[in-house]
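Okay, structure first, notes after.
Read-outs throughout are calculated quantities, based only on the coordinates presented, and are distinct from any laboratory measurement. None of the values given here were measured: they were computed from a predicted structure. Here Cβ is always computed from backbone atoms with ideal geometry, including for glycine, and neighbour counts include all displayed protein chains.
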Amino acid sequence: MRHRKAGVHLSRTSAHRQALFSNLVAALFTNERIRTTDAKAKETRRLAERTITWARRVGDVLGKKPDRRTTEESARVVHAVRMARRVVRDRHAVVKLFDEIAPRFLGRHGGYTRIVKLDQRPGDAAPMSLLELIPDESAAAAPAETSAPKGKGGAKSDTGKAADKGGEKASAKGGAKAKAASKGAEKSAADESKPAAKKPRASKPKSEE
């Protein structure tokens, strides 16, 4: 039985395995998506979500300036950063975690990542997966709201549409009249330019013999 032996070994030593998952979690926080094998993606998700939870728990404190925090709040932030550094050794990834990623998931309790199955890897046919962070829902909803028509500045009203249609009809009628007038003027000019037809001469009657 494998009691108290959570996790995967991946045929690596403990030091190699810890360094591997630390780099994978750091790459996930930096690029917000990584492509790896299915087994590594599942284990990386377990560690990444625990680390994000540490940062999310102090999300209300991170919104305050450091000089505005109480001693207890500062201690909470320091403790959360130290717990995150146990998994992620990259300093830039930790800074992005607490500045950008944690505020994104303040209203979400777990489920910060998702795994998308990919094709097999050429060579050894290992099943591959795409591990990525859930996108920000508020940022995705903002462009949809701005694209919707609003009041006077948005779509034209029914009165404006009717006025446009009336103007189009009037312009069409005016254009037809102008075409007819131009055709009449051209016809009259053509008639004037034609030379007058010569009248046939009347034949003289022959004298009676």
> Using 0.36 nm per residue, how much length does the chain from V8 to L20 gain when fully extended, once their Cα-Cα distance is taken away?
Replying inline: 3.1 nm
> Residue-wise, which Karplus ³J(HN,Hα) couplings in Hz belong to region 118-129, taking 6.51 cos²θ - 1.76 cosθ + 1.60, θ = phi - 60°, and x for glycine or proline?
Replying inline: 10, 6, 6, 6, x, x, 10, 6, 6, x, 9, 9
>> Under the 0.36 nm per residue contour assumption, what length would be gained going from the current alpha-carbon distance of D136 and D99 to full extension?
In response: 11.9 nm
> How long is the gain from R57 to R69 if the chain were fully straight, where each residue apart is worth 0.36 nm and the alpha carbon distance is subtracted?
Replying inline: 2.8 nm
>> Explain nothing, just the number: relative contact order of region 14-136, from Cα pairs under 8 Å at least 6 residues apart, as a whole percent.
In response: 38 percent
>> Sorting check: for 98-104, 26-32, which peptide has the highest mean count of neighbouring beta carbons within 10 Å, and how do the rest follow?
In response: 26-32, 98-104
>> Quick query: amide H of T36 versus all other amide H atoms, modeled in the peptide plane; which residues come in under 5 Å with a sequence gap of 5 or more or a different chain?
In response: S129, L131
